[in-house]
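Participant: One structure, pasted below without further comment.
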């Protein structure tokens, strides 16, 4: 799975309290005043040596005061401009970009704190001061940002005020269920899994996108997506559904109809193939087995449908599990389950409407990702027994 960059430290949700602000401003202002006093003291001592007194002391003091004020102002502005356009990272920043996540509601203090914690700036006070001086404090936008090495305050403020954020690369693997996809997205974006699942069952949205089901299980295409930090659940669903329709194999619906399946049934069959097959070469063969069993009126007896009915358990099935009362239990019910059990990839979608020209009715997993296919129940029993013997021998 693609690596997903995000801030996971305690700084991500840090919020300044009033006590934090008092301590923060107090300590920083004390340091600033101390620095200014020392600088001005040095400047005054130099000026007193340079400026020669006249017979008018009052004018001398006025002239000296004006010179000090102007010199101090020019000095301060010069230093401020220099710092503003100079790299502002600490020495620990390194030579690789770092993530910054700004959430809705983060204040300029919160953002300064996060920047300091990521070593992107050397001074929180300077960041806040620049934000106040230039009027940026209320213009900093939420989003996920990348801070490059050698960035300065000018570049950071430009990025944050313009909202030049970068998306998350979220990879949705083949075979994930709707619940698993919801967990994956909620871990990276701002909405909750419940909000996403609600969007997945939005009847108005489903009708507008021609989804012939009560939710989008099976219709969210497995792929790597670029989603922005504040993307809405509905926007994410629309992107994934659009990608699903864009990746449907050629003449998918027509081929499904020729095989006696409607569109939704073909997607459902593809999801079964996705969960059963590990080798692309076997997908059309597994498809052929299911088509043959459907045609002959046999139960599909697909283990993944039972696992789905049991809530996605992560253990081997027991015989009692095969008796679960669920429309998804293909050991108890004839035909296809009422809907997909996962999101099938393009290879499984293609195999669902392009079964291999074979007459197998059974298959059993060998344990290495491949299967043994059989035409009769006797052959199937022999295949299962041979696999069991091989497993016993491998343990001895």
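Participant: Of the residues 393, 322, 336, 317, which is out of contact with any strand residue (DSSP E or B) (no Cβ under 7 Å at 6 or more places or on another chain) and surrounded by fewer than 12 Cβ atoms within 10 Å (Cβ to Cβ)?
Facilitator: The unique qualifying residue is 393.
Participant: Looking for whichever is touching a strand residue (DSSP E or B) at 6+ places or on another chain (Cβ under 9 Å) and under 21 Å from residue 341 (Cβ atoms) here; the options are 249, 222. Which one fits?
Facilitator: 222
Participant: With the requirement that a residue be within 23 Å of residue 173 (Cβ to Cβ), out of contact with any strand residue (DSSP E or B) (no Cβ under 7 Å at 6 or more places or on another chain) and either in the same structural domain as residue 297 (by TED's automatic domain parsing) or surrounded by 21 or more Cβ atoms within 10 Å (Cβ to Cβ) (or both), what does the stretch 355-374 give you?
Facilitator: Matches in the stretch 355-374: none.
Participant: Given the residues 83, 102, 77, which is the only one that is in contact with a strand residue (DSSP E or B) (Cβ under 9 Å, 6 or more places away or on another chain), at negative phi and at pLDDT below 85?
Facilitator: It is 83.
Participant: Looking at 217, 184, 194, 174, which one is more than 30 Å from residue 84 (Cα to Cα), part of a helix (DSSP H, G or I) and over 14 Å from the mean Cα position of the chain (by Cα)? Steps first, answer last, please.
Facilitator: Values: 217 fails: part of a helix (DSSP H, G or I); 184 fails: over 14 Å from the mean Cα position of the chain (by Cα); 174 fails: part of a helix (DSSP H, G or I).
Answer to the selection: 194.
Participant: Report every pair of residues separated by at least 6 positions or lying on different chains whose Cβ atoms are under 7 Å apart, first residue within the stretch 250-268 and within 12 Å of residue 354 (Cα to Cα) and in the same structural domain as residue 341 (by TED's automatic domain parsing), second modelled with pLDDT under 95 and not in a helix (DSSP H, G or I).
Facilitator: Pairs that qualify, where the first residue is within 12 Å of residue 354 (Cα to Cα) and in the same structural domain as residue 341 (by TED's automatic domain parsing) and the partner is modelled with pLDDT under 95 and not in a helix (DSSP H, G or I): there are none.
Participant: So which of 277, 309 ends up being touching a strand residue (DSSP E or B) at 6+ places or on another chain (Cβ under 9 Å), buried (at least 20 other Cβ atoms within 10 Å of the Cβ) and on the phi < 0 side of the Ramachandran plot? Can you show your working first?
Facilitator: Numbers: 309 fails: touching a strand residue (DSSP E or B) at 6+ places or on another chain (Cβ under 9 Å).
From the options 277, 309, the qualifying one is 277.
The values are calculated or read from the model by the stated rules, or taken from the named source; none is laboratory data. It should be emphasised that the depicted structure is a prediction, and the values quoted were computed from it without experimental measurement. Note: ideal-geometry Cβ built from the backbone for every residue, glycine included; neighbour counts use all protein chains shown.
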